[in-house]
Amino acid sequence: MPELLLPSVATILTQRDETPDVRTYALRFRDFAEQGRFSYRPGQFLELSVFGTGEAPFCLASSPTRPGGVEVTVRKCGRLTDALFALAPGAELGLRGPCGNGFDVDAARGHDLVFVAGGIGLPPLRSLIWNVLDERDQFGDITILYGARTPADLVYKDELREWERRDHVTVRVTVDRGAPGWEGSVGMVPTLFDQVDLRPDTSLAYVCGPPIMIKFVVKDLLARGFAAEHVISTLERMMQCGVGKCNHCCVGHHYLCRDGPVYNVREIEEMWE
């Protein structure tokens, strides 16, 4: 599709620091008609370009239930993100997308939902969390489990507190290392499972975070009775072009940027057989 090959111009509306090296940008297409036509699903991503520097994929952190713009949450970790962090509201960027397959929101309706995230893995799930909360009566109980290295590395701190105040929403947060004033849990993300009532027969689980965290979280969920088809994760490593042409993200006959990045655990197991 042409919109996946040619960047559209978008403007930075606002930016908010989540941590010392993570920032959330609110973006809007310069062409208002194009903004009105733009649609996406939670779990999809954008190819974002800083003109004169380069392009890279970033997940959509906002929910399609909230039109008027999109949000991406970015960790400063290289040449392109350094250039992005140097920009101010009003600056223009290039956007291609949406890319990828996204989460199946319709398949989640009527289920209890468990979200498990580590570090910068919360932004892709944030899109789905807000989608679910904005259509709250169509879903069961919601459990959000989130961990980061330190309290300073937690993203969306205000939203975590807001989610915790919602009816039938349970939020648990942990850090690998505490800090002065931290009164919450200390330990890896899987330690939070013992603090909540998991119901694998009625639940879907969504997992996103560092690969080593995903490995142990998935192993624990399966041991607790979750079916492999009901544990959904993302495979975002090595994505580059977004349209399945550069071969960087090829695994077997799958292009993660085109066929993924969202897969259930059964699909992931079959992919690596």
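The values are calculated or read from the model by the stated rules, or taken from the named source; none is laboratory data. Worth saying up front: this structure is predicted, and the values here are computed from it rather than measured. FYI the Cβ positions are ideal-geometry reconstructions off the backbone, even for glycines, and counts take in every protein chain you see.
Observations
- For region 94-168, the helices (runs of 4 or more DSSP H) that sit wholly inside it and include 3 or more residues that are of a type in the set (A, V, I, L, M) are 105-108, 122-134.
- Complete set of residues in region 167-181 that are modelled with pLDDT under 95 and not charged (D, E, K, R): 168, 178, 179, 180, 181
- Filter result for the condition that a residue is hydrophobic (A, V, I, L, M, F, W, C), in the same structural domain as residue 14 (by TED's automatic domain parsing) and touching a residue at least 60 places away in the same chain (Cβ under 8 Å), over 117, 91, 152, 86: 91
- Selection within region 222-250 - in contact with a Gly (Cβ under 9 Å, 6 or more places away or on another chain), among the aliphatic types (A, V, I, L, M) and not in a loop (DSSP other than H, G, I, E, B): 232
- Entry remark, region 223-240: residues being more than 27 Å from residue 197 (Cβ to Cβ) and either in contact (Cβ under 8 Å) with a residue 24 or more places away in the chain or touching a helix residue (DSSP H, G or I) at 6+ places or on another chain (Cβ under 6 Å) (or both) number 5 in total.
- The number of residues in region 15-24 being surrounded by fewer than 13 Cβ atoms within 10 Å (Cβ to Cβ) and either without any contact (Cβ under 8 Å) to a residue 12 or more places away in the chain or in a strand (DSSP E or B) (or both) comes to 1.
- When we screen 139, 193, 115 for residues that are crowded, with 22+ Cβ neighbours inside 10 Å and among the aromatic types (Phe, Trp, Tyr), the only hit is 115.
- Scanning region 1-14 for residues that are buried (at least 19 other Cβ atoms within 10 Å of the Cβ) and either within 22 Å of residue 155 (Cα to Cα) or free of Cβ contacts under 8 Å to residues at least 60 places away in the same chain (or both) yields a count of 0.
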